[in-house]
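See structure below.
What follows is calculated from the coordinates using simple rules that are stated; it is not laboratory data. As the structure is a prediction and not an experimental result, all values here were calculated from the model. FYI the Cβ positions are ideal-geometry reconstructions off the backbone, even for glycines, and counts take in every protein chain you see.
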């Protein structure tokens, strides 16, 4: 049987630490592997919190639910896509190597 | 903010408090220590004489407010001045919110909110009150913060001052 590709998803940078600073309307993110500190706005913080291992479709659904009704569905999709690209470019999120559903199965 | 322990709930609450969903931004931070390595922040000794009209520590937030919200911001300040002055953190006082008449550095923001406090730990207590949806003063502070322009390019600053006479120089 041909192995199926797992649904695409994002994962956080290894060891990523988040420290909310609500009085600044922000969250600080620290990536120990490439020692850097970033200041996230609330939107970026929400995306990172939702990128908890769920696949991209579930992530989009959760983001849309949490930003409605301020963002209509199409705008939520665009905001999420741009946000994911921003967080990837900063090294806070990454796409794990493609897996197949047979990986990890006993031979 | 709510008392929820789910960080996604906290992020969503912050987003809703801001009143709009801004594009996601993740700005690299470069820490600039202005004085921490030179002037130690000390706890009050207890028998310290009163050395000035303000507290030992003065906290100043600098920020911009979106121009379209100026009128709403002013109305909020007029309506909430009394409430903001009834801090639920003992020893922490709201000293007012000012517009900047003149400054040499634009990036610091056009508004200042000034607090005074006795010890740095009161900043943490303040955060806890802001995160507590049941704290009326905390909600007022959160509402004040929600006026700040969240755009990363907007002016934003924070200054912490300590009375020189109470500092090891």
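Miscellaneous remarks
- Shielding value for A:30-39 is 2, the average number of Cβ atoms from other chains within 10 Å of each residue's Cβ.
- Förster-model FRET efficiency, 22 Å R0, residue A:5 and residue A:88, C-beta, rounded to 0.05: 0.65
- The three principal axes of the Cα atoms in the range B:52-166 give end-to-end lengths of 37, 36, 24 Å, sorted in falling order.
- Mean partner shielding of peptide A:57-67, defined as the number of other chain Cβ atoms within 10 Å of each residue Cβ, is 2.
- Under Stokes-Einstein, with the Kirkwood radius over Cα pairs as Rh, the value for the range A:11-91 at 37 °C and 0.692 mPa s is 251 µm²/s.
- Available extension along the chain between residue B:16 and residue B:120 is 34.6 nm, counting 0.36 nm per residue and deducting the alpha carbon span.
- Projected label distance in nm at residue B:54 and residue B:86, using a 7 Å step from Cα toward the beta-carbon: 2.6 nm
- Quotient of the Cα radius of gyration of the protein assembly as shown and 2.2 N^0.38 Å, N being its number of residues: 1.16.
- Global geometry of the range A:34-74, whether rounded, prolate or oblate, following the gyration tensor of its Cα atoms and the 1.5 cut on a/c: oblate
- Under 16 Å from the residue B:159 label point (7 Å along Cα→beta-carbon), backbone N, the range B:96-138: B:96-117
- Förster radius 22 Å - calculated FRET efficiency between residue B:100 and residue B:75, Cβ distance, rounded to 0.05: 0.65
- Euclidean distance of C-alpha centroids, the range A:7-65 and the range B:68-123, integer Å: 30 Å
- Based on C-alpha pairs under 8 angstrom that are at least 6 apart in sequence, the range A:11-91 has a relative contact order of 21 percent.
- Look at the stretch A:46-53: the mean tally of other chain Cβ atoms within 10 Å of its residues' Cβ atoms is 4.
- Relative protection proxy for B:8-21, B:72-85, A:52-65, B:96-109, from highest mean packing down: B:8-21, A:52-65, B:72-85, B:96-109 (other beta-carbon atoms within 10 angstrom).
- Taking every DSSP helix (H) stretch of at least 4 residues in chain A, weighting each as -39,500 (n - 2.57) and dividing the sum by the residue count yields a mean residue ellipticity at 222 nm of -11000 deg cm²/dmol.
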